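Student: Got a structure for you, questions after.
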Amino acid sequence: MPATFDPSLVYFVGAGPGDPELITLKGYNLLSQADVVIYAGSLINKDLLHYCKTGAACHDSASLNLGEIIDLMATDVHTGKLVVRLQTGDLSLYGSIREQGEELAKLGIGFCSVPGVSSFLGAASELGVEYTVPEVSQSLVITRMSGRTPTPERESLESFAAHQTSMAIFLSVQEIGEVVERLVNGGYPVSTPVAVVYKATWPDCQVVKGTLADIAGQVRTAGIRKTALILVGAFLGDEYHYSKLYDAGFTHEYRQA
Ligand code: SAH
């Protein structure tokens, strides 16, 4: 039985990276019960809106500013409608939900978050890779290059590159040349593998693979300028080691060697 939801709250729902089947069951239930859906039209797969009931009002927020989005939500919550705010991937990464929550709170409206599959997870599944390869890389840096939205100085791409760990770089493919320059200046060898994944999990997904030496030219040739992730690190390379966890000679809590 699908849960019932509280129409006095706004439900923020992570839509997943693109494939409409990659929304959570809770997200699906919310969409199918919502009276009003405000979706981020620049990135959301509109096929998700087919899950909505007949008569649901669907608004694309692409051309709206924060105040207009909040007004829309508040008017509908106050008339007892179930309002869903649908955003790409997961809400907790570059989701701007903090500011929406703060503005809603000023109007006495609470919110509830339903997580989604982030695009960096969609991209890994598209490539069939894991970011954490035993003895090669055990950490993942999720970041973006500073652009019109600045990033704190101490979070420069150079500083992260010094670790030579796995990296998933959001919102930066339009500046691929500068990204590469900064990563190399920071310490990644130019032979480091890179994959650029455009529209992970969409039917028109495109993957460009190379190294820091040649990826910028390849991305320009492919014409990729948005909706892409830059994945960097030896996890994409040939070196790997089997994990201890499934090693027949390794004893642990649940299994004797
Ligand atoms: N909250 C989202 C990220 C929003 S920021 C998430 O969890 O994925 C928007 C950026 O996310 C895009 O510029 C791009 O870098 C990345 N992105 C979103 N969807 C993507 C997809 N399907 N494939 C590749 N990158 C994607």
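Student: What does the net charge come to around Val180 if you take all other residues with beta carbon closer than 13 Å to its beta carbon, with K and R at +1 and D and E at -1?
Tutor: On the way: positive: Arg182, Arg220; negative: Glu158, Glu175, Glu178, Glu181, Asp214.
Here the charged neighbours net out to -3.
Student: Below 15 angstrom from the Cβ of Gly18, what's the summed charge of the other residues (Lys, Arg +1; Asp, Glu -1)?
Tutor: That works out to -3.
Student: Something else: Could you put His59, His50 in order, starting from the residue whose Cβ has the fewest other Cβ atoms within 10 Å? Intermediate values should be presented prior to the final figure.
Tutor: Working: His59 18, His50 9.
The most exposed by this proxy come first: His50, His59.
Student: Kirkwood hydrodynamic radius, computed over distinct alpha-carbon pairs, for the chain: how many Å, to one decimal?
Tutor: Values: mean 1/r = 0.0497 Å⁻¹.
Computed over Cα pairs of the chain, the Kirkwood hydrodynamic radius comes out at 20.1 Å.
Student: Here's another thing I want to ask about it. Who wins for biggest fluctuation among Ala62, Ala15, Ala40 in a Gaussian network model of the chain, springs between alpha carbons below 10 Å?
Tutor: Result: Ala62 has the largest fluctuation of those listed.
Student: Looking at the chain, send over the antiparallel percent of its DSSP beta bridges, to the nearest 5.
Tutor: Details: 17 of 40 bridges.
Of those bridges, close to 45 percent are antiparallel.
Student: Tally Lys/Arg at +1 and Asp/Glu at -1 over every other residue whose Cβ is under 12 Å from the Cβ of Ile142; what's the total?
Tutor: Charge balance near Ile142 sits at -1.
Student: Mind jotting down the distance between the C-alpha centroids of segment 214-257 and segment 127-183, whole Å?
Tutor: 14
Student: Could you put Arg220, Arg85 in order, starting from the residue whose Cβ has the fewest other Cβ atoms within 10 Å?
Tutor: Numbers: Arg220 13, Arg85 26.
Ascending Cβ contact count within 10 Å gives the list Arg220, Arg85.
Student: Which of Phe12, Phe250, Phe170 comes first, and how do the rest follow, when ranked by fewest Cβ neighbours within 10 Å?
Tutor: Phe250, Phe170, Phe12
Only the coordinates and a few stated rules stand behind these numbers; no lab work does. Computed from a predicted structure; not experimentally measured. When we count neighbours, we look across all protein chains shown, and the Cβ atoms used for this are built from the backbone with ideal geometry, even at glycine.
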